[in-house]
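Rule-based calculations on the coordinates, nothing more; no lab input. In this text the structure is predicted, and so the values were computed from the model without any measurement. FYI the Cβ positions are ideal-geometry reconstructions off the backbone, even for glycines, and counts take in every protein chain you see.
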Amino acid sequence: MKYLDKLLEVYYIDRNAFQIIFWWELRRILYNIIALAGGIISLSLMSAIVNVPSGEDLVEPFAIIGFGILCNLGYSLGWLTELFIKRNNTYAPKMFKIGLLFTLFFIFLPLAIHIFLWVFRGFKTMY
């Protein structure tokens with residue numbers, strides 16, 4: 001987390017709208033890389049756990065693309081809200097982290113549900 005804090009530093013409070021948007025858009029690349037890595041891990045683990053019938057697939061490409069678009073629209077709320085609040089050095093880094101955790105929660109939620117169902121079905125067949 002120390003490395004992430006270094007990448008998210010805001011050096012001065014009095015930034016204009018362009019500087020705020022530039023700060024957020026520059027870090028959108030990092031956000032998307034972390035979200036993509038989380039998605040790959042989640043889908044890989046789900047495909048290892050879930051027994052998918054032949055002729056079916058686990059991944060629905062349109063859902064993944066739609067989720068990526070929604071995540072990036074949500075990310076844009078970071079700089080949009082910062083434009084209309086009292087500015088300080090901690091808002092942007094804090095909102096970046098909260099938004100990233102929110103995104104990762106929804107990325108790993110299907111995996112958690114599949115693990116729960118996998119464990120529940122395993123115990124159910126044992127008794």
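Overview of values
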| item | result |
| --- | --- |
| Residue 65/residue 98 FRET efficiency (R0 22 Å; Cβ-Cβ; nearest 0.05) | 0.35 |
| Binned Cα-Cα distance frequencies in segment 15-126 - 5 Å width, integer % | 2, 10, 18, 18, 14, 11, 9, 7, 5, 3, 2, 1, 0 |
| Full-extension gain in nm, residue 18 to residue 85, via 0.36 nm per residue minus C-alpha separation | 22.6 nm |
| Loop chymotrypsin sites (Phe, Trp or Tyr not before Pro), segment 1-102, which have at most 10 other Cβ atoms in a 10 Å radius of their Cβ (DSSP) | 11, 12, 84 |
| Nearest 10 degrees, 0 to 90: helix 17-49 Cα axis against the chain principal axis | 10 degrees |
| The chain: most fluctuating residue of 93, 110, 61 per GNM, C-alpha cutoff 10 Å | 61 |
| Residue among 78, 66, 99 with the largest mean-square fluctuation in a Gaussian network model of the chain, springs linking Cα atoms under 10 Å | 66 |
| From phi via Karplus (6.51, -1.76, 1.60), per-residue ³J(HN,Hα) for segment 95-101 in Hz, x at Gly/Pro | 5, 4, 5, 5, x, 5, 5 |
| Cβ-derived FRET efficiency at R0 35 Å, residue 109 paired with residue 3, nearest 0.05 | 0.85 |
